[in-house]
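So the structure is just underneath, and the comments pick up after that.
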Amino acid sequence: MACPICNRPTDKAYRPFCSRRCADVDLGKWLTGSYTIPVGRDDAEDDDPDLPQDDDGKLH
Ligand SMILES: [Zn+2]
């Protein structure tokens, strides 16, 4: 059996993957629907694009 991400032999600790990294890649793939995930980014998806902006009525 080969790792579905990189085709290397799997490690039983991480199967069906060969490493934690590939397991993370696969998880990210499922979460985002994309196959290419930059690994190693510390990306806390905490960004809210709809933050309430409260600057009308304020004088500068
Ligand atoms: Zn792998």
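The values are calculated or read from the model by the stated rules, or taken from the named source; none is laboratory data. This one's a predicted model, so the numbers in the text were calculated from it and none came from an experiment. Using ideal geometry, Cβ is built from the backbone for each residue, glycine included, and neighbour counts are taken over all protein chains shown.
Points worth noting:
- Odd one out for residue 22, checked against (1) out of contact with any strand residue (DSSP E or B) (no Cβ under 9 Å at 6 or more places or on another chain); (2) loosely packed, with under 10 Cβ neighbours inside 10 Å; (3) at pLDDT 80 or above: (2)
- Odd one out for residue 11 among (1) modelled with pLDDT under 95; (2) among the acidic types (Asp, Glu); (3) assigned to a loop (DSSP other than H, G, I, E, B): (1)
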